[in-house]
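**Student:** Input: one structure, supplied below.
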Amino acid sequence: MIQPICFGIIGFGWRAEAYLRIAKQLPHLFRISGIVVRNPAKYQEAADQWGVTLYESPNEVARHSDFLLVAVSKTSVPAVLEELALLHVPLLVETPPAFDEESLALMSKFAEANAHIQIAEQYPLQPHHMARMALIRSGKLGQVHHVQASSGHGYHGISLIRNWLSISDISCEIVARRFELPILEVPYRGRQVQDQIENEVQDIAMLTFQNGKSALLDFTRSQYFSPLRQNRVLIRGSHGEIRDNEVTISVGAEAFDTYSIHRIQSGMEGSLGPLSLRELRAGQQCLYRNPFSSAPFSDEELAMAEILTRMSTYVRENIPFYSLTEALNDVRLSLAIEKSIATQAPVWV
């Protein structure tokens, strides 16, 4: 029987607590060795509630860990990684690994000298996105040359686009614009709303890659929290397309088929099982089967649990899944979108 992977966490914010929830639900797979914070007294009550040990230095927790999860503010990441590199322990780093041109240049140099780093990019690992990727890999859509992603901002959306298009060379032209739109107040993380109109920002970017493939990234952050803004996905191949959860494919000369990707849930109506996703299916085909169905996880938590699983494989078998270099390429394209918005002109990467 494989022993649980043991990892320490650097930082004690809301994202770190999400990983604590996952490890608590899956103790046969993951175990927390401790959490590193600068001021232990400030977090002692929370640590007692979670039943975790606090440490003041990464060196202490690293002695008891198979890898370290870095979950600090984006501005703190470069300095923290410089310190952790001296420990020679595998690192899993929360996104983003860089946030402006200066940090991008710094982290790019860091990536060249430090290979044992993976980035916790969860969007391609969310169940519906994994199901769509399974359809692409099946070949039923033919050659995929154009996608439209409206389900994640910036580098998150870029990571989806590159996955669906199988893009490794990021050379492209980017044209992007920003718009302000009215929306009812958006509830998020306990915020109280009063049905007032406020402004939201919508970014739209067209990416034309050197190999002829193209993509449209369209997102407003209200989509993360507001039921008034829904996600949208379009993946177009030579032999079919996916529109959100609707699939149309060619099945022969002048013959076509249309079907839906649908969820099979546990814990609903008369079910006594946990409230969790079991499968995503398209007709008779299973596109995604939840490996953590015993736990009542959201789709976001399922993706995070998948990240921990892949990090476990990386530590034990040295199989990478999303390297720092790859993540920085997504950040580079995201920053180019911001530059195109600011200059109102095309940007070439």
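**Student:** Whether any residue in the range 223-234 is in a helix (DSSP H, G or I), over 24 Å from Arg281 (Cβ atoms) and either open to solvent by less than 70 Å² (accessible area, probe 1.4 Å) or not hydrophobic (A, V, I, L, M, F, W, C) (or both) is what I want to check.
**Tutor:** Narrowing the range 223-234 to residues in a helix (DSSP H, G or I): 223-224.
If we keep only those that are over 24 Å from Arg281 (Cβ atoms) too, we end up with 223-224.
Imposing the further condition that a residue be either open to solvent by less than 70 Å² (accessible area, probe 1.4 Å) or not hydrophobic (A, V, I, L, M, F, W, C) (or both) reduces the set to 223-224.
Yes, that holds for at least one residue.
**Student:** Here's something else I'd like to know. In the range 98-112, is there at least one residue being over 30 Å from Ile337 (Cβ atoms), at pLDDT below 95 and open to solvent by 60 Å² or more (accessible area, probe 1.4 Å)?
**Tutor:** Taking the range 98-112 first, the residues over 30 Å from Ile337 (Cβ atoms) are none.
The answer is no, given that none of the residues of the range 98-112 is over 30 Å from Ile337 (Cβ atoms), at pLDDT below 95 and open to solvent by 60 Å² or more (accessible area, probe 1.4 Å).
**Student:** Give the range 130-149 a look and list any residue that's in a helix (DSSP H, G or I) and open to solvent by 10 Å² or more (accessible area, probe 1.4 Å), or say none. Lay out the reasoning, then the answer.
**Tutor:** Here is the first cut: in the range 130-149, the ones in a helix (DSSP H, G or I) are 130-138.
Of everything in the range 130-149, those that are in a helix (DSSP H, G or I) and open to solvent by 10 Å² or more (accessible area, probe 1.4 Å) turn out to be Met130, Arg132, Met133, Ala134, Ile136, Arg137, Ser138.
**Student:** Also, quick follow-up: For residues that are over 23 Å from the mean Cα position of the chain (by Cα) and charged (D, E, K, R), scanning just the range 49-89, find the one that is least open to solvent (accessible area, probe 1.4 Å).
**Tutor:** Among those residues, the one meeting the criterion is Glu60.
**Student:** Condition first: open to solvent by 30 Å² or more (accessible area, probe 1.4 Å), farther than 14 Å from Asn163 by Cβ and in a helix (DSSP H, G or I). Now tell me which residues in the range 311-334 satisfy that.
**Tutor:** Once the filter is applied, which keeps residues that are open to solvent by 30 Å² or more (accessible area, probe 1.4 Å), farther than 14 Å from Asn163 by Cβ and in a helix (DSSP H, G or I), the range 311-334 yields Thr313, Val315, Arg316, Glu317, Thr325, Arg332.
**Student:** Scan the range 195-210 and give yes if some residue there is part of a strand (DSSP E or B), in contact (Cβ under 8 Å) with a residue 24 or more places away in the chain, open to solvent by less than 40 Å² (accessible area, probe 1.4 Å) and among the polar types (S, T, N, Q), otherwise no.
**Tutor:** yes
**Student:** Which condition does Ile170 not pass, out of (1) modelled with pLDDT under 95; (2) out of contact with any strand residue (DSSP E or B) (no Cβ under 7 Å at 6 or more places or on another chain); (3) assigned to a loop (DSSP other than H, G, I, E, B), if it passes all the others?
**Tutor:** If we test Ile170 against (1) modelled with pLDDT under 95; (2) out of contact with any strand residue (DSSP E or B) (no Cβ under 7 Å at 6 or more places or on another chain); (3) assigned to a loop (DSSP other than H, G, I, E, B), just (1) comes out false.
**Student:** Take the range 252-300 and flag every residue that is open to solvent by less than 30 Å² (accessible area, probe 1.4 Å) and touching a residue at least 40 places away in the same chain (Cβ under 8 Å).
**Tutor:** Result: Ile261, Leu277, Leu280, Ala282, Leu287, Tyr288, Asn290, Phe292, Ala295, Phe297.
**Student:** Also, quick follow-up: For the range 293-304, give me the residue count where each residue is touching a strand residue (DSSP E or B) at 6+ places or on another chain (Cβ under 8 Å), in a helix (DSSP H, G or I) and not acidic (Asp, Glu).
**Tutor:** Result for the range 293-304: 2.
**Student:** Additional query: Could you list, in sequence order, all residues of the range 187-211 that are touching a strand residue (DSSP E or B) at 6+ places or on another chain (Cβ under 7 Å) and not polar (S, T, N, Q)? Walk me through it before giving the result.
**Tutor:** Going through the range 187-211, the residues touching a strand residue (DSSP E or B) at 6+ places or on another chain (Cβ under 7 Å) turn out to be 195, 197-210.
Once the filter is applied, which keeps residues that are touching a strand residue (DSSP E or B) at 6+ places or on another chain (Cβ under 7 Å) and not polar (S, T, N, Q), the range 187-211 yields Asp195, Ile197, Glu198, Glu200, Val201, Asp203, Ile204, Ala205, Met206, Leu207, Phe209.
**Student:** Could I ask something else about it? Of all residues in the range 24-44, which are hydrophobic (A, V, I, L, M, F, W, C) and without any contact (Cβ under 8 Å) to a residue 60 or more places away in the chain? Give the derivation first.
**Tutor:** Going residue by residue through the range 24-44, those that are hydrophobic (A, V, I, L, M, F, W, C) are 26, 29-30, 32, 35-37, 41.
Of everything in the range 24-44, those that are hydrophobic (A, V, I, L, M, F, W, C) and without any contact (Cβ under 8 Å) to a residue 60 or more places away in the chain turn out to be Ile32, Ile35, Val36, Val37, Ala41.
**Student:** Which condition number in (1) surrounded by fewer than 16 Cβ atoms within 10 Å (Cβ to Cβ); (2) in contact with a Gly (Cβ under 6 Å, 6 or more places away or on another chain) is the one that Gly8 fails?
**Tutor:** (1)
**Student:** Leu308: assigned to a strand (DSSP E or B) and touching a helix residue (DSSP H, G or I) at 6+ places or on another chain (Cβ under 8 Å), yes or no?
**Tutor:** For Leu308, the condition - assigned to a strand (DSSP E or B) and touching a helix residue (DSSP H, G or I) at 6+ places or on another chain (Cβ under 8 Å) - is not met.
**Student:** Based on this model, can you work out whether Phe256 counts as closer than 30 Å to Lys339 by Cβ and of a type in the set (Phe, Trp, Tyr)? Write out each step before concluding.
**Tutor:** Numbers: closer than 30 Å to Lys339 by Cβ: no; of a type in the set (Phe, Trp, Tyr): yes.
No: the conditions fail for Phe256.
The values are calculated or read from the model by the stated rules, or taken from the named source; none is laboratory data. What you see is a predicted model; the values in this text were computed from it and never measured. FYI the Cβ positions are ideal-geometry reconstructions off the backbone, even for glycines, and counts take in every protein chain you see. Only protein heavy atoms, including side chains, enter the accessible area calculation; ligands, DNA and RNA are left aside. Shrake-Rupley method; radii C 1.70, N 1.55, O 1.52, S 1.80 Å.
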